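K.L.:
Below you will find the structure I want to go over with you.
The values are calculated or read from the model by the stated rules, or taken from the named source; none is laboratory data. Note that the structure is predicted; figures quoted are calculated from it, not measured. FYI the Cβ positions are ideal-geometry reconstructions off the backbone, even for glycines, and counts take in every protein chain you see. When the accessible area is computed, the model is the full protein with side chains, heavy atoms only, and any ligands, DNA or RNA have been set aside. Shrake-Rupley method; radii C 1.70, N 1.55, O 1.52, S 1.80 Å.
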Amino acid sequence: MALRFETKAVHSGQPPDPTTGAIMMPIYQTSTYAQEAVGVHKGFSYSRTANPTRKALETNLAALEGAKYGLAFASGLAAVNTVMNLLKSGDHVVSANDLYGGTYRIFTKLFVNYGLDFDFVDATDLNNIRQAIRPNTKVLWLETPSNPLLKITDLKGAIAIAKKHKLLSVVDNTFATPYLQLPLELGADIVLHSTTKYLGGHSDIIGGALLTNNKDLYERLKFYQNAVGAVPGPLDCFLTLRGTKTLALRMQKHCANAKAVARFLSKHPKVKRVYYPGLPSHPGHSIARKQMKDFGGMVSFEVKGNVARTKKIAASTKIFALAESLGSTCSLINHPPSMTHASMPPEVRHKIGIYDNLIRLSIGIENVQDLIDDLKQALKKH
Ligand SMILES: *Cc1c(COP(=O)(O)O)cnc(C)c1O
């Protein structure tokens with residue numbers, strides 16, 4: 001029986017425990033496993049290689065993304081690192097330029113030291129991708145909606161270019177989640193997640209994941225997962241499984257609240273510009289309509305005024321916590337230039353349009369009028 005999303009979220013990878021009947025996946029807090037004879041075991045020999053709670057999570061996440069294979073990691077960046085382990089010195093990567101600051105940092109501060117080369121392009125114009133491809137290009141790295149400007153890349157079009165040039169297409173699906181967007185269905189080779197965000201959903205774990213339908217890729221990534229060892233602990237896997245059960249419900253509320261907040265901000269006299277793909281004025285709106293089920297829970301906006309005023313507004317909300325990260329039940333406010341995107345040099349940031357008066361909101365599942373009232377009082381104060 002082909003199960004639908006909400007049912008898979010609750011059940012996939014988690015049949016009742018065969019030994020006790022426990023309906024919740026136990027936290028297998030063990031590093032090693034007794035073997036029946038030398039080399040004879042039930043698929044578990046050491047928890048870096050495999051752990052039952054982690055396996056349940058990997059199966060669950062794969063089901064949600066419509067993937068055959070899933071791998072869980074200690075963080076989203078551990079997952080990024082593992083993808084990059086597929087490459088060799090001399091290889092070239094074409095990446096979207098508006099992407100998670102930590103991804104930009106590991107590319108430009110770490111992998112350049114290993115002889116990898118990067119070009120960062122505005123992927124909302126597919127011609128920029130085409131023009132950046134060289135004979136040694138191996139990977140096309142995409143993030144949509146992007147962080148923090150919520151740019152929308154046409155996944156189908158971009159992936160078609162990658163296929164034509166035999167590039168591996170990697171889509172960071174953290175902002176959209178599989179509830180809203182399924183890049184593997186659109187042809188992507190690998191989907192990446194920071195499960196720290198919407199999948200975990202409650203700001204209480206750090207985790208990452210890779211999903212793919214390609215067996216060979218899976219085997220290679222699994223080899224690196226074990227060889228490098230950045231695996232999540234069983235408690236974090238359990239908490240992430242608890243998170244995915246309510247993903248659909250939470251995403252519906254995140255999206256509805258974000259839409260209302262974006263509308264409120266776009267009419268506010270102290271707001272210069274709102275970035276939300278759900279607004280018809282957003283340049284990626286029609287593509288988002290096509291490739292996403294709804295428009296997500298992230299809203300960015302520019303305030304009228306300088307950086308000092310922007311920082312004061314960001315620090316004046318009472319319900320929104322001034323904090324890094326996103327995708328939580330509780331609303332968060334962030335000043336990307338000095339927080340999430342501080343690792344991006346100012347001249348790079350300004351070139352791609354992340355200005356000093358930018359504020360990013362992660363809209364939680366609180367009552368939306370309370371969220372609007374909170375923003376109203378913060379904007380009034382400064
Ligand atoms: C947070 C984030 C990451 C990194 O994940 P961690 O779990 O913090 O290591 C990667 N991509 C995106 C889009 C993110 O938001």
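K.L.:
Quick one: what Rg and Dmax do you get for the stretch 158-290 from the alpha carbons, in Å?
P.N.:
Using the Cα atoms of the stretch 158-290, the pair Rg, Dmax is 17.7, 54 Å.
K.L.:
Still on this structure: Using only helices, what value at 222 nm comes out for the chain when you add -39,500 (n - 2.57) per DSSP H run of length 4 or more and divide by the total residues, to the nearest 500 deg cm²/dmol?
P.N.:
Dividing the helical sum by the residues of the chain leaves -10500 deg cm²/dmol.
K.L.:
Decide, for the stretch 235-339, between rounded, prolate and oblate: order the square roots of the alpha carbon gyration tensor eigenvalues as a ≥ b ≥ c, take rounded if a/c falls under 1.5, and otherwise choose prolate if a/b is larger than b/c, else oblate.
P.N.:
oblate
K.L.:
Under a plain spin-label model, where a point goes 7 Å from the Cα along Cα-to-Cβ, how far apart in nm are Ala2 and Thr19?
P.N.:
In this crude label model, Ala2 to Thr19 measures out at 3.7 nm.
K.L.:
Now for a different question. Leaving ligands, DNA and RNA out of it, report the carbon-plus-sulfur percent of the accessible area of the chain at a 1.4 Å probe.
P.N.:
The C+S portion of the solvent-accessible surface of the chain is 56 percent.
K.L.:
When the chain is treated as a GNM, springs tying every alpha-carbon pair under 10 Å, which of Pro15, Pro183, Pro135 comes out with the largest mean-square fluctuation?
P.N.:
Maximum among the listed residues: Pro135.
K.L.:
Do you know the relative contact order of the chain, to the nearest whole percent, from alpha carbon pairs under 8 angstrom that are 6+ apart?
P.N.:
17
K.L.:
All other residues with a Cβ under 12 Å from the Cβ of Lys376 taken together, and with Lys, Arg as +1 and Asp, Glu as -1, what is their net charge?
P.N.:
Once all neighbours under 12 Å are counted, the net charge is +2.
K.L.:
Next question. Taking only protein heavy atoms into account and a 1.4 Å probe, give the accessible area per residue of the stretch 5-245 in Å².
P.N.:
I get 41 Å² per residue for the stretch 5-245.
K.L.:
In the stretch 1-97, which GluC sites (Glu not before Pro) fall in coil by DSSP and have 15 or fewer other Cβ atoms within 10 Å?
P.N.:
Those satisfying the criteria are Glu36.
K.L.:
Helix 155-164 against the longest principal axis of the chain: what's the angle in degrees, Cα atoms only, rounded to the nearest 10?
P.N.:
The angle comes out at about 60 degrees.
K.L.:
Need one word for the stretch 124-228: rounded, prolate or oblate. Basis is the Cα gyration tensor (sqrt eigenvalues a ≥ b ≥ c); a/c below 1.5 gives rounded, then a/b vs b/c decides.
P.N.:
Because a/c hits 1.5 or more and a/b fails to exceed b/c, the stretch 124-228 counts as oblate.
K.L.:
Based on Cα positions only, what radius of gyration and what Dmax would you give for the stretch 47-115, in angstroms?
P.N.:
My reading of the Cα-based Rg and Dmax gives 14.5, 38 Å.
K.L.:
Looking at the stretch 285-374, which GluC sites (Glu not before Pro) are in a loop (DSSP not H, G, I, E or B) and have at most 16 other Cβ atoms within 10 Å?
P.N.:
Glu324, Glu366
K.L.:
Then there is this: For Lys272, what residues show an amide H to amide H distance below 5 Å, using hydrogens built from the backbone and excluding near sequence neighbours?
P.N.:
Amide H neighbours of Lys272, under 5 Å, 5+ apart: Glu302, Val303, Lys304.
K.L.:
What ranking of Met1, Met251 comes out by heavy-atom accessible area, probe 1.4 Å, highest first?
P.N.:
Met1, Met251
K.L.:
Just want the answer: with Cβ charges of +1 for Lys and Arg and -1 for Asp and Glu, which residue in Asn85, Met25, Ser12 is farthest toward the dipole's positive end in the stretch 5-245?
P.N.:
The listed residue farthest towards the positive side: Asn85.
K.L.:
Compute the label zone of Val307 within the stretch 334-363: residues whose backbone N is under 14 Å from the point 7 Å along Cα-to-Cβ.
P.N.:
335-351, 354-359, by backbone N distance to the label point.
K.L.:
So, one more: Choose one of Pro148, Ala314, Gly39: the residue whose Cα lies farthest towards the positive end of the charge dipole of the chain (beta-carbon charges +1 Lys, Arg; -1 Asp, Glu; about the Cα centre).
P.N.:
Ala314
K.L.:
I need the per residue convex hull volume for the chain, using only the alpha carbons, in cubic angstrom as a whole number.
P.N.:
With only Cα atoms used, the chain gives 140 Å³ per residue.
K.L.:
Could you provide, to the nearest whole Å², the per residue accessible area of the stretch 247-381 with probe 1.4 Å?
P.N.:
On the way: 5760 Å² over 135 residues.
Dividing the accessible area of the stretch 247-381 by its residue count gives 43 Å².
K.L.:
I'd like to know which of Thr246, Thr329, Gly284 lies farthest towards the positive end of the charge dipole of the stretch 223-382, counting +1 on Cβ of Lys and Arg and -1 on Cβ of Asp and Glu.
P.N.:
Going by the charge dipole, the pick is Gly284.
K.L.:
Hey, another quick one. Would you mind checking the tilt of helix 234-245 against the longest principal axis of the Cα atoms of the chain, expressed as 0 to 90 degrees and rounded to 10?
P.N.:
The answer is roughly 60 degrees.
K.L.:
Just to make sure I understand: if all protein chains stay in place, what is the order of Lys245, Lys311 by accessible area at 1.4 Å, largest first? Present the calculation step by step, with values, prior to reporting the outcome.
P.N.:
Values: Lys245 50, Lys311 100 Å².
So, going from the largest accessible area down, we get Lys311, Lys245.
K.L.:
Between Arg48 and Ala342, what is 0.36 nm times their sequence separation minus the Cα-Cα distance? Round to one decimal in nm.
P.N.:
Gain on extension, Arg48 to Ala342, equals 102.6 nm.
K.L.:
Just how large is the dipole of the chain about the Cα centre, in debye to the nearest 20, putting +1 at every Lys and Arg Cβ and -1 at every Asp and Glu Cβ?
P.N.:
Working: 46 positive and 29 negative charges, 186 e Å.
It works out to roughly 900 debye.
K.L.:
Let me ask you something else. Could you compute the net charge surrounding Gly101? Neighbours are other residues with a C-beta less than 12 Å from the C-beta of Gly101; K and R count +1, D and E count -1.
P.N.:
On the way: positive: Arg105, Lys109, Arg349, Arg360; negative: Asp98, Glu143, Glu324.
It works out to a net charge of +1.
K.L.:
Please give the FRET efficiency for Ala160 paired with Arg220, using the beta carbon to beta carbon distance and R0 = 22 Å, rounded to the nearest 0.05. Provide the component values of the computation, followed by the final result.
P.N.:
Values: r = 24 Å, r/R0 = 1.08.
Computed FRET efficiency for Ala160 and Arg220: 0.40.
K.L.:
For the stretch 139-201, what is the per residue volume of the convex hull drawn over the alpha-carbon atoms, in cubic angstrom?
P.N.:
75
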